[in-house]
1. If I take the Cα coordinates of the range 53-161 and project them onto the principal axes, what are the three extents in Å, biggest first?
2. What value in Å³ per residue do you get for the convex hull of the alpha-carbon atoms in the range 54-106?
3. For the range 104-161, take the alpha-carbon Rg, divide it by the Kirkwood Rh, and send me Rg/Rh.
4. Ranked highest first by average number of other Cβ atoms within 10 Å, how do 98-107, 148-157, 113-122 line up?
Amino acid sequence: MFAEFDGDEELSPNRWGMRYGKIMSQNKNKNIDNAISMKKIIQDLEECIRKAQLSNDVNTLDELISNQLQFVFLDGSVASKSDDLEAHRNKIVIFHSITFTDQIIQTFENLATVTVKAEISGTMNGQSFHGYYRYGRTWAMLNGQWQLIAGNVVQLPESHK
């Protein structure tokens with residue numbers, strides 16, 4: 001019933017969001033199957049955003065991120081979609097590696113939350129960085145497509161690495 005992501009196939013958020021959104025709406029009576037399937041969709045979208053960040057793929061990030069995005073950074077500042085896209089477009093932030101672990105996905109009817117631990121290295125404003133972080137992200141089905149609507153990040157202390 002669902003196509004599996006084999007890792008070599010190019011992920012397109014519109015393709016995944018629209019295909020799965022349609023399938024999900026056709027199967028409302030299969031709550032358990034839907035919850036499992038929705039978790040797989042969100043896992044795939046998380047991998048898609050990870051790959052887009054690593055490759056500075058602004059077009060894919062543009063599709064994945066809602067125009068209403070609110071993302072809270074380590075210092076408490078709040079970034080919008082345009083802030084995020086500009087940082088990637090202008091190479092203010094460049095990710096060299098992103099490794100996700102300890103991913104927890106909670107699904108609801110048209111909403112999903114994700115917490116994930118990440119080891120990240122890269123450059124920001126020309127300065128190298130490496131660290132361990134915990135991300136929180138909220139995905140919502142908007143106009144037949146899954147999009148990231150909110151997120152936050154905290155840096156993990158040495159004891160949690």
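1. 39, 33, 24
2. Working: hull volume 6.4 nm³, N = 53.
Spelled out: Cα convex hull of the range 54-106, divided by residues, is 121 Å³.
3. 1.10
4. Packing order, densest peptide first, comes out as 113-122, 148-157, 98-107.
Read-outs: derived from the displayed coordinates by stated rules, not from any lab. Quick caveat, the model's predicted, so the values are computed rather than measured. Don't worry about glycine lacking a Cβ; one is built from the backbone with ideal geometry, like all the others, and counts go over all protein chains shown.
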